[in-house]
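Q: Shown below is the structure under consideration.
We did not get these values from a lab; they are worked out from the coordinates using the rules stated. Computed from a predicted structure; not experimentally measured. Every residue, glycine as well, gets a Cβ built from its backbone with ideal geometry; the counts of neighbours run over all protein chains shown.
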Amino acid sequence: MVRPSHKELNAKLLAALEAVHGNRIRVVEPGVIALDAMELGYSIRHELQMVLLELLNNTGPDHYVGWRPPEQFYEKRIRNLELWAFSVHCPRFEAPVYYKFSLKNGYFYLVSLHTCRSGAKQGS
């Protein structure tokens, strides 16, 4: 069986939505996310939760663009956790957006969030 399955992706998206809805959000690399937020035209300080809710509400399993099986991250806080990467069009933004996250203990760990970069299906 190829991982992740449609069912597994649905479960991850629901867990992510629950964590973000509860404002249990951690940003792995704040400087990088802040620069990408400026490029996308939103405030990481005031609008990140709303942006993530909009993205998650517009994302389904078919938007998954990550590795099969999912790659693992090596940053200390989320070491060896699986990364979930999605590319989706959200009405807030003109271009499709790529975002990647991990989940741990009911928290959503944002790894990447930027416009889709041409030529790369996977990556950050």
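Q: Could you check, for the stretch 57-77, whether at least one of its residues is among the hydrophobic types (A, V, I, L, M, F, W, C) and within 16 Å of A15 (Cα to Cα)? Don't jump to the end; show me each part of the working.
A: So the first thing to find is which residues in the stretch 57-77 are among the hydrophobic types (A, V, I, L, M, F, W, C), and the list is 65, 67, 73.
With within 16 Å of A15 (Cα to Cα) added as a condition, the list becomes none.
Checked the stretch 57-77: no residue is among the hydrophobic types (A, V, I, L, M, F, W, C) and within 16 Å of A15 (Cα to Cα).
Q: If you scan the stretch 1-37, which residues turn out to be of a type in the set (D, E) and not in a helix (DSSP H, G or I)? Please lay out each step first, then the result.
A: Initially, the stretch 1-37 is screened for residues of a type in the set (D, E), giving 8, 18, 29, 36.
The one that is of a type in the set (D, E) and not in a helix (DSSP H, G or I): E29.
Q: What's the number of the condition V28 fails, among (1) in contact with a helix residue (DSSP H, G or I) (Cβ under 8 Å, 6 or more places away or on another chain); (2) surrounded by fewer than 12 Cβ atoms within 10 Å (Cβ to Cβ); (3) under 15 Å from F101 (Cα atoms)?
A: Of the numbered conditions (1) in contact with a helix residue (DSSP H, G or I) (Cβ under 8 Å, 6 or more places away or on another chain); (2) surrounded by fewer than 12 Cβ atoms within 10 Å (Cβ to Cβ); (3) under 15 Å from F101 (Cα atoms), the odd one out for V28 is (2).
Q: Let me ask something else about it. Just name the residue that is surrounded by the most Cβ atoms within 10 Å (Cβ to Cβ) out of those in the stretch 58-84 that are assigned to a strand (DSSP E or B) and under 13 Å from the mean Cα position of the chain (by Cα). I'd like the intermediate steps shown before the answer.
A: Quick first cut of the stretch 58-84, residues assigned to a strand (DSSP E or B) only: 64, 72, 82, 84.
Okay, now just the ones that are also under 13 Å from the mean Cα position of the chain (by Cα), so 64, 82, 84.
Values: Y64: 21, E82: 19, W84: 24.
That would be W84.
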